[in-house]
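Here the structure comes first, spelled out in C-alpha cells, and everything after it is commentary.
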Amino acid sequence: MRTQVGIVGAGPAGLLLSHLLALRGIDTVVVEIRSRAYCEARQRAGVLEHGSVRLLREAGLADRLDQQGLEHGGIYLQFAGERRHLDFRDLTGGRTVTVYAQTEVVKDLIATRLAAAGAVHFEVTDTGISGLETDRPLLSFTGSDGRRHEIVCDVIAGCDGFHGICRPAIPAGLLTVWEREYPYAWLGILADVPPSTDELIYAHHPRGFALHSLRSPTVSRLYLQVAPEEPVGNWPDERIWDELSLRFALGGWDLKQGPVLDKGITPMRSFVAAPMRYGRLFLAGDAAHIVPPTGAKGLNLALADVAVLAPAIDRLLRGDSGPADAYSATCLDRVWRATHFSWWMTTMLHRTPGADDMETALQLSQLRYVTTSRAAATSLAENYTGFSVLPRGDGG
Ligand code: FAD
Ligand code: DHB
C-alpha cells in the first residue's frame, strides 16, 4: 500500500495535519491505537487561543466552534482573599480566547476526515516506523481486523503524544531533551452544574492551587492541585467540593455544586525534545513537547505545529526542502515561549510541598504586580491569548 504522508496518532495534531494536507490535495493515512469513542471522550484541554480559532475557521472546521464556543475576554487571578480581573481585550488590543473543549475539536476533526473519505484506522496495534533516513519511509500496523498493513510513505508525521513510538525511533544521541517534573498534579472534574463564574478563576491558596473553568452554560470544569502520586480514590466527590469551596472562598460568592461526570489526575511536566525532525520523520504536538496545563497551551501548541508542518510537507513533496528544514526551529521558538509561560504561571500559582514562607511571599508579590502593573498584566495577557515569536532571521 502507498500514501504520501503516514500519520501516527489521531489526537488534535494528527487529525488537523491530515485535514490541512487534504486541503492541499495530499493523501494521508492516520493510525490510532484507541477507539474513535475513546478519542472523542478523553477529557483534556478547554481553551483555544485567538490564533487557534482563526486557524480552525480558515480550515473550514469552525461551524460548531462558532455556535458553541464561548469567547472569553479575560481571567480572574485570586490570591490573599481577593479576586482580581485581567481584561485581555483592553490589554492586547482586542484579543480573546475561546472555551471549546478538546473533545469537541477532536469530534469535529474526525467527522470532517471521515466525511471526506479520509483513511483513519482506529484500534490498531503494533505500530512501527522504519526507513526514516530514506525518502520512502514505511508505516506498519495491525488493523482492528487483525490484518498486518505496510504502507510506503514519502513522509511520516509522529503525532502520537508523549508516550508514543515516534520520538523513541530517533537514534539516541541525536535528540536533546529538557525536562522538569513538578512535585504536584491536577485532579480535574467535569460537573453537571452551571459555572459559578463568568470568566476562568486561577486561585492561589495556602492549601494549593485551584482553577474554575467551564465547558458550557450548564457544565463546569474544575481543577485542584493534589499530591503527584495521589490515587483518585482518595478523592470522593464530597471531599473535592469541600476543598474547592475552601480554595475559592470569597465573601458574597458561592461555588455551585452538582453531579461529577468525570474525574481524573494529570501529572505535571515540562518537556522539550529537539530537533523535531529526523530524516523523513517529523514530530508534532505532545510527541515533541509537554507543558504543565496552567497556561492552557498544550492543545494550542499541537495545532500551531501542524499549521507549520502542512505547508512544509507540501513544499517538500514538490522538491523544495527549505520550509521542512526550518520546521523544527520555527516551531521551537513558539514552544519555548509557551514552555516559559506555562512554567511561570505554574510556579506563581502552586504551593510547592515543603516550601518556606519566602516562596509564598514572592508568589504574592508577583501576583500583586501582574494585577496592578499594566506592563506586567499585558505580558500575561499576550502570552495567554497567544504570542507568536518572530521567525528567526526576521529580527526576532
Ligand atoms: P494527543 O492528544 O496525546 O494524541 C496522540 C494520539 O496518539 C493519542 O490519541 C494516542 O492514543 C495516539 N497514539 C499513541 N501511541 C500510538 C501508537 N503507537 N500508534 C498509534 N497511535 C498512537 N492541555 C491544556 O492546554 N489544558 C489542559 O487542561 C490539559 N489537560 C490535559 C490532561 C491530560 C490527562 C493530558 C494527557 C493532557 C492534557 N493537556 C492539557 C494537554 C493537551 O491535551 C495536549 O497537549 C494535546 O492533547 C496534544 O495533542 P496531540 O495530538 O499532540 O497529542
Ligand atoms: C482548562 C485547562 C487549563 O489548563 C487551563 O489553564 C484553563 C482551562 C480547561 O480544561 O478548561
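Just to confirm my filter: which strands (runs of 3 or more DSSP E) fall fully inside segment 1-74 and include at least 1 residues that are within 11 Å of ligand 1 (Cβ to nearest atom), in contact with a helix residue (DSSP H, G or I) (Cβ under 9 Å, 6 or more places away or on another chain) and farther than 21 Å from P195 by Cβ?
Per the criteria, 5-8, 28-31.
Quick check on segment 146-160. Is at least one of its residues closer than 29 Å to Y100 by Cβ and either of a type in the set (G, A, S) or away from ligand 1 (no atom under 16 Å from the Cβ) (or both)? Don't jump to the end; show me each part of the working.
Of the residues in segment 146-160, the ones closer than 29 Å to Y100 by Cβ are 157-160.
Among the residues that remain, those that are also either of a type in the set (G, A, S) or away from ligand 1 (no atom under 16 Å from the Cβ) (or both) are: 157-158.
Taking every residue of segment 146-160 in turn, at least one turns out to be closer than 29 Å to Y100 by Cβ and either of a type in the set (G, A, S) or away from ligand 1 (no atom under 16 Å from the Cβ) (or both).
Select from segment 116-135 the residues that are surrounded by 16 or more Cβ atoms within 10 Å (Cβ to Cβ) and either over 24 Å from the mean Cα position of the chain (by Cα) or small (G, A, S) (or both) and list them in ascending order.
Scanning segment 116-135 gives G118, A119, I129, G131, L132.
List the number of the failed condition for C166; all other conditions in (1) in contact with a Gly (Cβ under 7 Å, 6 or more places away or on another chain); (2) of a type in the set (A, V, I, L, M, F, W, C); (3) within 16 Å of ligand 1 (Cβ to nearest atom); (4) more than 30 Å from T127 (Cα to Cα) hold.
Unmet for C166, out of (1) in contact with a Gly (Cβ under 7 Å, 6 or more places away or on another chain); (2) of a type in the set (A, V, I, L, M, F, W, C); (3) within 16 Å of ligand 1 (Cβ to nearest atom); (4) more than 30 Å from T127 (Cα to Cα): (4).
Restricting attention to segment 136-161, report how many residues are crowded, with 16+ Cβ neighbours inside 10 Å, closer than 21 Å to Y327 by Cα and out of contact with any Ser or Thr (no Cβ under 6 Å at 6 or more places or on another chain).
Of the residues in segment 136-161, 9 are crowded, with 16+ Cβ neighbours inside 10 Å, closer than 21 Å to Y327 by Cα and out of contact with any Ser or Thr (no Cβ under 6 Å at 6 or more places or on another chain).
State which residue pairs qualify: first residue over 21 Å from P293 (Cβ atoms) and inside segment 249-276, second residue basic (K, R) and open to solvent by 60 Å² or more (accessible area, probe 1.4 Å) in any location, beta carbons under 6 Å apart, and separation of 6 or more residues or different chains.
Going by the 6 Å Cβ cut-off, there are no qualifying pairs.
Sort out which residues of segment 89-109 are within 18 Å of A45 (Cβ to Cβ) and not in a loop (DSSP other than H, G, I, E, B), and write them in order of number.
Keep residues of segment 89-109 that are within 18 Å of A45 (Cβ to Cβ), which gives 96-109.
Once the filter is applied, which keeps residues that are within 18 Å of A45 (Cβ to Cβ) and not in a loop (DSSP other than H, G, I, E, B), segment 89-109 yields V97, T98, V99, Q102, T103, E104, V105, V106, K107, D108, L109.
Tell me the residue from R113, R54 that is surrounded by 18 or more Cβ atoms within 10 Å (Cβ to Cβ), among the basic types (K, R), within 24 Å of P311 (Cβ to Cβ) and at pLDDT 95 or above, please. Break it down into steps so the answer makes sense when it comes.
Numbers: R54 fails: surrounded by 18 or more Cβ atoms within 10 Å (Cβ to Cβ).
Unique residue meeting the criteria: R113.
When residues of segment 256-300 are filtered for being within 15 Å of L190 (Cβ to Cβ) and of a type in the set (A, V, I, L, M, F, W, C), how many remain?
3
Hey, among S342, S270, which residue is of a type in the set (S, T, Y), surrounded by fewer than 22 Cβ atoms within 10 Å (Cβ to Cβ) and in contact with a helix residue (DSSP H, G or I) (Cβ under 6 Å, 6 or more places away or on another chain)?
S270
What number of residues in segment 319-338 are assigned to a helix (DSSP H, G or I), open to solvent by 10 Å² or more (accessible area, probe 1.4 Å) and not aliphatic (A, V, I, L, M)?
Quick first cut of segment 319-338, residues assigned to a helix (DSSP H, G or I) only: 322-338.
Then keep just the ones that are open to solvent by 10 Å² or more (accessible area, probe 1.4 Å); that gives 322-323, 325-326, 328-330, 332-334, 336-337.
Pick out the ones that are also not aliphatic (A, V, I, L, M) and you get 322-323, 325, 328, 330, 333-334, 336-337.
Residues in segment 319-338 being assigned to a helix (DSSP H, G or I), open to solvent by 10 Å² or more (accessible area, probe 1.4 Å) and not aliphatic (A, V, I, L, M): 9 in total.
Scan (1) surrounded by fewer than 15 Cβ atoms within 10 Å (Cβ to Cβ); (2) within 30 Å of P137 (Cα to Cα) for the single condition Q67 breaks and write down its number.
(2)
Kindly evaluate P171 against the criterion of being over 18 Å from the mean Cα position of the chain (by Cα) and under 30 Å from S130 (Cβ atoms).
Judged against the criteria, P171 is a match.
May I ask you to list pairs of residues, at least six apart or on different chains, whose Cβ atoms are under 9 Å apart, with the first in segment 161-188 being small (G, A, S) and the second being in a loop (DSSP other than H, G, I, E, B) and within 16 Å of ligand 2 (Cβ to nearest atom)?
G161/G11; G188/Q43; G188/R44
The values are calculated or read from the model by the stated rules, or taken from the named source; none is laboratory data. All values derive from a computational prediction rather than experimental measurement. Positions of Cβ are generated from backbone atoms using ideal geometry, with glycine treated the same way; all protein chains shown enter the neighbour counts. SASA here: full protein model, heavy atoms, side chains in, ligands and nucleic acids out. Shrake-Rupley method; radii C 1.70, N 1.55, O 1.52, S 1.80 Å.
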